[in-house]
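Novice: Pasting in a structure now, in structure tokens, and then I'll have a few things to ask.
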Amino acid sequence: MAYKIGYVDPSFNTPEELMMAANLIPYRIFGDPTIDLMDADKFVPPNHCFWARNCLQRGLNGLDKDIKGIIITHACDCSNREYDIWYSHVPYDFYYFLNAPLKRDKISLKFFINDLKELKFQLEEHFGAEITDKKLYEAINLTNEIRKLLKKISEYRNKGLLLGSEFHAIIKNAYKSDKKDVLHNLKEKLKKLEIKEPLPYVDGSKKRILLTGSILDDTEILIYLESLGFEIVTDDLCIGTRYFHNLIEITGDPIKDIANFHLSKPPYSTEHPSSGRFDFIKTLAEKYQVQGVICLVQKFCEPLLYEYPFFRDSFKKIGMPFIFLEKEYKRDSYKQLSTKLEAFKEILRGVKK
Amino acid sequence: MGRHYLAIEQAYRDGTPTAWATSGTSVEMLYTFDVQPILPENAATISAAQKVSKKYIESAEDLGFSYDLCSYFKTNVGAMQNNAPIDLGGIKPPTFMVAADVICDTHVKWFQVQSQRYKVPLYIIDVPHVTSNTTNKQKEYYQSYVEEQMLELMDWISEITKKEYNEEKSREVITNSYELSEYWIKIFELRKTIPCPVSTKDTFGGLFPLFTMPGLKEPIRVFKKMYQETKERVDNGIGALENEQFRLLFEGIPFWYNLKFFGVLEQWGAIIVFEPYTYSFGKFLDPTMTKDYIINNPIKAMSKIMLSFWYIYDLETRVKEFKRVIKEWKIDGVILHNNLSCRPNSCGMYDLKQRLMEEEGIPSLVIEADMNDPRKMNEEQLKNKLESFMEILQKNKKQ
Ligand code: SF4
Ligand code: SF4
């Protein structure tokens, strides 16, 4: 049985391919909104991000036995500082803090390559595996294939043949499972979708939206949005478009190619400059002709809270209905959002598809 | 402090370059180019001391900035929005801005917001995070990364200011900064004495030149005088508190709007003799940063400072350093300010408390408040907590 490396990444900058080339399965750690946070509360003050706290609690509860090490990737203050708490209280022999750079220029690229090389070295040392260029390119080819398939499948959301929540579950699974199985399942899924007939919009009451925000890893929240009459046709999330928007370009230097890939992905709020995130959302919103943008933010998510007035004003300028909602990381709290979401739906009633 | 703000006003009058910088960023680099630094955090503390921070914070919240964001940031946004005068913490848009994630990511988000609002160029220095298991090898390439950015920043400033980098000037600036810090650390050394010659009133009040004027000559004279006075007190056995009973460590930023609160400690004969926050601005704390080293490698030294900043030490180093301070400064109890604004500082605080109590047997107390937002401080509750804490210390002493 292949071992796994668990990684906590509030954005998506962790090089899955490095782990795969070391014969390890990259396993992205998500939160679980049904668990109690009693232990994490002993380590993390009450006004810190609920998502990062929840992941820590999962670690404290004990992760799957086949997970043999932890990587935490730089993104925001909460996740960065909680690394040391993981390190002290969740016992693993292998720990790596990946300093994914804030910027996306040449100097940052060089640094990121150095940090990836160090991670490669430490993985090799610890797990006794040799990570060759050949293995890296095998992994890259595999994840690139997966990205291509995901891109194709994602388009079915726009054709009314795949729910946004279904797609979310698919991509979430892609982050957690053996990539060979993922590839197989995606091929099967695509075959099934290809024989479905595109439907004209039968249900005119559904509102086409783009979903954005902090990390949204509970598929239930998407199901909840759909139950209120929203149709999620696109997104700019890491459990979504940011995962497959680009491919890893192959130039002969695999580590550099991986670093380049991550620094050329659509920008996120934890990076600099972050204003490009709005531009990217705008492009998607226009391409998919959405009626509005829903921005769901984890409680106490500072990077997004700082962006709110800019987002609000920028969407207003382009006449795109926009709603920003801070949410708890607990399922039974989702319904507290209903009044605001219903009101938003009303606003969208007058917006053409 | 007046001098610093006079210099700022003068720079605006003369039209010479000004720059906002976040604390922890290399202010020395700005002085190297004769750019007048302005530290919005410092200005925000003035708003708090003048009891107007609440108004400015609420004004920023009216613009849509959350109740939960850092109150320094909101004070700055609100003060600008209200055209606050300089003596109430008002500052103007600068020629350019420099921020770094050395202490917190808030700094980056804050300056992104303000550079967008006021259309001012911004340079961000990305400083890698050092954690409990960062190796020396990693620290080496972290250091090169910061250095390369510093070189880029030099060119960037050079282009804006139309001024060439001058190595001689940078040596002079870093040496001044070093000497300023040296006096600060020497004052801290004197605070090891029983009774402690200076209290928080002097350190929280005297700290600001370290933020705003490291690189200039005048503050060195002021600090030298402060040091000599402190030395005299030590030589004459004079303590800041008449009847010193308990020596405390206070972790975190104080409540700038209510500094007098610390006066309550006097009734128990307790005095704060060490604050990691004020100590950390004596920033040449990495033992490899000798005077020789910094003079010969000014840019390297500026980069190194950013990677070895006490305020954001990783948990293991933080615990280790706290233990050392407890011994050397003969600390009886530790008060940890869980500052609702400052997540990077408060993260790990519970572990710190636990380990100091378990491994050193030092009573430690976490209190919750905010450095600039008086709405988040419950004075009565704090007093009660402190009272119970002091009872524990008293019991400990009797045993
Ligand atoms: S939700 Fe926000 S605060 Fe929490 S880990 Fe993600 S980016 Fe950081
Ligand atoms: S108080 Fe904390 S979060 Fe706010 S600016 Fe200072 S270091 Fe950053």
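The values are calculated or read from the model by the stated rules, or taken from the named source; none is laboratory data. Everything numeric here is computed off the predicted structure, so don't read it as measured data. Counting neighbours? That spans all protein chains shown, and the Cβs are built from the backbone with ideal geometry, glycine included. These area figures cover heavy atoms from the full protein model, side chains too; ligands, DNA and RNA do not enter into them. Shrake-Rupley method; radii C 1.70, N 1.55, O 1.52, S 1.80 Å.
Novice: Using protein chains only (no ligands, no nucleic acids) and a 1.4 Å probe, work out which residues of segment B:361-378 have their accessible area cut by at least 10 Å² relative to the chain alone.
Specialist: Correct list: B:368.
Novice: I've got another one for you. Ignoring everything but the protein chains, give the 1.4 Å probe accessible area of residue B:170 in square angstrom, nearest 10.
Specialist: 0
Novice: Let me ask something else. List the residues whose amide H sits under 5 Å from the amide H of residue B:38, counting only those 5 or more places along or on another chain, with H placed 1.01 Å from N in the peptide plane.
Specialist: Under 5 Å from the amide H of residue B:38 lie the amide H atoms of B:19, B:20, B:21, each far enough along the sequence or on another chain.
Novice: If you line up the long axis of helix A:254-263 against the longest principal axis of chain A, both from Cα atoms, how many degrees apart are they, to the nearest 10?
Specialist: In chain A, helix A:254-263 runs at an angle near 30 degrees to the longest axis.
Novice: With r as the distance between the Cβ atoms of residue A:125 and residue A:187 and R0 = 45 Å, compute the FRET efficiency 1/(1 + (r/R0)^6) and round to 0.05.
Specialist: Values: r = 36 Å, r/R0 = 0.80.
It comes to 0.80.
Novice: Where in chain B is the longest stretch that carries no trypsin sites (Lys or Arg not before Pro) classed as loop by DSSP and with at most 15 other Cβ atoms within 10 Å?
Specialist: Details: sites that count: B:51, B:119, B:162, B:163, B:217, B:330.
After excluding every exposed loop site, the longest remaining stretch is B:218-329.
Novice: If I model a spin label as a point 7 Å beyond the Cα along the Cα-Cβ vector, how far apart are those points for residue A:89 and residue B:50 in nm?
Specialist: With each label point 7 Å from Cα toward Cβ, the separation is 4.2 nm.
Novice: Please label the shape of segment A:4-134 as rounded, prolate or oblate, based on the square roots a ≥ b ≥ c of the eigenvalues of the alpha-carbon gyration tensor (a/c under 1.5 means rounded; beyond that, a/b larger than b/c means prolate, else oblate).
Specialist: Details: a/c = 2.30, a/b = 1.41, b/c = 1.63.
Verdict is oblate for segment A:4-134.
Novice: Pop out the ³J(HN,Hα) list for segment A:330-336 in order, Karplus 6.51 cos²θ - 1.76 cosθ + 1.60 with θ = phi - 60°, rounded to Hz; leave Gly and Pro as x.
Specialist: With coefficients 6.51, -1.76 and 1.60, one gets 9, 4, 5, 8, 4, 5, 5 Hz.
Novice: Another question about this same structure. Taking the simple approach of a point 7 Å from Cα along Cα-to-Cβ for both residue B:61 and residue B:231, what is their distance in nm?
Specialist: 4.9
Novice: In segment A:289-335, which residues give up 50 Å² or more of accessible area once the other protein chains are added, compared with their chain alone (1.4 Å probe)?
Specialist: A:302, A:305, A:306
Novice: OK, next. So how compact is segment B:2-163: Cα radius of gyration and Dmax in angstrom?
Specialist: So, for segment B:2-163, Rg and Dmax equal 16.5, 49 Å respectively.
Novice: Using alpha-carbon positions, what is the distance between the centroids of segment B:179-247 and segment B:1-44, in Å?
Specialist: Segment B:179-247 and segment B:1-44 have Cα centres spaced 24 Å from each other.
Novice: Check each of the GluC sites (Glu not before Pro) in segment B:231-283 and keep only those in coil by DSSP with at most 11 other C-beta atoms within 10 angstrom; list them in order.
Specialist: Details: sites: B:232, B:242, B:244, B:251, B:266; in loops: B:242, B:244.
For GluC sites (Glu not before Pro) across segment B:231-283 that sit outside H, G, I, E and B with at most 11 neighbouring Cβ atoms in 10 Å, the list reads B:242.
Novice: Taking θ as phi - 60°, what are the ³J(HN,Hα) couplings along segment A:41-48 by the Karplus curve (6.51, -1.76, 1.60), each to the nearest whole Hz, with x for Gly and Pro?
Specialist: Values per residue, Gly and Pro as x: 4, 6, 10, 10, x, x, 9, 9 Hz.
Novice: Still on this structure, I have one more. So which cysteines of the protein assembly as shown have no other cysteine's Cβ under 4.7 Å from theirs?
Specialist: Among the cysteines of the protein assembly as shown, those whose Cβ sits 4.7 Å or more from every other are A:55, A:76, A:238, A:295, A:301, B:70, B:104, B:196, B:342, B:347.
Novice: Quick check for segment B:2-163: number of Lys pairs with alpha-carbon distance under 17 Å, counting only pairs 8 or more apart or on different chains? Write out the running numbers ahead of the final one.
Specialist: Details: B:51/B:74; B:54/B:74; B:55/B:74; B:74/B:92; B:74/B:109; B:92/B:119; B:109/B:119.
Lysine pairs meeting both conditions in segment B:2-163 amount to 7.
Novice: A further question follows. Give me the count of lysine pairs in segment A:4-134 whose alpha carbons sit under 19 angstrom apart, restricted to pairs 8 or more positions apart or on different chains.
Specialist: So the count of such lysine pairs works out to 9.
Novice: Now for a different question. I need the trypsin sites (Lys or Arg not before Pro) found in segment A:44-147, filtered to DSSP loop residues with at most 13 other beta carbons within 10 Å of theirs.
Specialist: Working: sites: A:53, A:58, A:65, A:68, A:81, A:103, A:104, A:106, A:110, A:117, A:120, A:134, A:135, A:147; in loops: A:65, A:103, A:104.
Here the sparse-neighbourhood loop sites are A:65.
Novice: Is the C-alpha gyration tensor of segment B:143-211 telling us rounded, prolate or oblate? Criteria: a/c under 1.5 is rounded; beyond that, a/b larger than b/c is prolate, otherwise oblate.
Specialist: Numbers: a/c = 3.02, a/b = 2.82, b/c = 1.07.
Prolate, since a/c reaches 1.5 and a/b exceeds b/c.
Novice: Going 7 Å from the Cα of residue B:260 toward and past its Cβ, which residues in segment B:59-85 have a backbone nitrogen under 14 Å from where you end up?
Specialist: None, by backbone N distance to the label point.
Novice: If the label point is 7 Å along Cα→Cβ of residue B:396, which residues in segment B:260-275 have backbone nitrogen under 14 Å from it?
Specialist: In segment B:260-275, the label zone of residue B:396 (backbone N under 14 Å from the point 7 Å along Cα→Cβ) covers B:270-274.
Novice: To the nearest Å, what is the center-to-center distance of segment A:235-303 and segment B:107-143, using C-alpha atoms only?
Specialist: Using only Cα atoms to place each centre, the spacing works out to 20 Å.
Novice: OK, next. Under 5 Å between amide hydrogens, which residues at least 5 positions from residue A:208 or on another chain qualify, with H placed 1.01 Å from N in the peptide plane?
Specialist: Those qualifying (amide H under 5 Å, at least 5 residues apart or on another chain) are A:231, A:291.
Novice: Separation between the residue A:313 and residue B:158 pseudo-spin-labels, each 7 Å from Cα along Cα→Cβ, expressed in nm?
Specialist: It works out to 3.5 nm between the two label points.
Novice: Something else: Sort chain A into rounded, prolate or oblate with this rule: let a ≥ b ≥ c be the square roots of the eigenvalues of the Cα gyration tensor; rounded if a/c is under 1.5, and if a/c is not under 1.5, prolate when a/b is larger than b/c, oblate otherwise. Before the final figure, lay out each step's value.
Specialist: On the way: a/c = 1.64, a/b = 1.35, b/c = 1.21.
Since a/c reaches 1.5 and a/b is larger than b/c, the shape of chain A is classed as prolate.
Novice: Among the residues of segment B:55-92, which ones have their accessible area go down by 50 Å² or more when all the protein chains sit together, as opposed to their chain alone (1.4 Å probe)?
Specialist: Residues losing area: B:68, B:69.
Novice: Continuing with the same structure: Loop only per DSSP, at most 16 neighbouring Cβ atoms within 10 Å: give me the GluC sites (Glu not before Pro) in segment A:303-353, ordered by residue number. Present the calculation step by step, with values, prior to reporting the outcome.
Specialist: Numbers: sites: A:307, A:326, A:328, A:342, A:346; in loops: A:328.
Those satisfying the criteria are A:328.
Novice: I'd like to check one number: the per residue accessible area of the protein assembly as shown, probe 1.4 Å, reported in Å² as a whole number.
Specialist: Details: 28430 Å² over 752 residues.
Spelled out: the 1.4 Å probe surface of the protein assembly as shown, per residue, equals 38 Å².
Novice: Cα to Cα, under 30 Å, and not fewer than 8 places away if on the same chain: which lysines meet these conditions relative to residue B:231?
Specialist: Cα-Cα hits under 30 Å: B:186, B:192, B:201, B:217, B:260, B:283, B:291, B:320, B:323, B:327, B:330, B:397.
Novice: Sticking with this structure for a sec: With a 1.4 Å probe and all protein chains left in place, how much of the accessible area of the protein assembly as shown comes from carbon and sulfur atoms, in whole percent? Each step should come with its number before you reach the end.
Specialist: Details: 14400 of 28430 Å².
Looking at the protein assembly as shown in its full context, I get 51 percent from C and S.
Novice: With both bridge residues required to lie in the protein assembly as shown, what share of the DSSP beta bridges run antiparallel, to the nearest 5%? Don't skip to the end; give the middle numbers.
Specialist: Numbers: 0 of 54 bridges.
Looking only at bridges with both residues in the protein assembly as shown, the antiparallel portion is about 0 percent.
Novice: Okay, moving on. Give me the accessible area buried between chains A and B, both sides summed, with a 1.4 Å probe, in Å² rounded to the nearest 100. Could you put the intermediate results ahead of the total?
Specialist: Details: alone 15750 and 17170 Å², together 28430 Å².
The contact between B and A buries close to 4500 Å².
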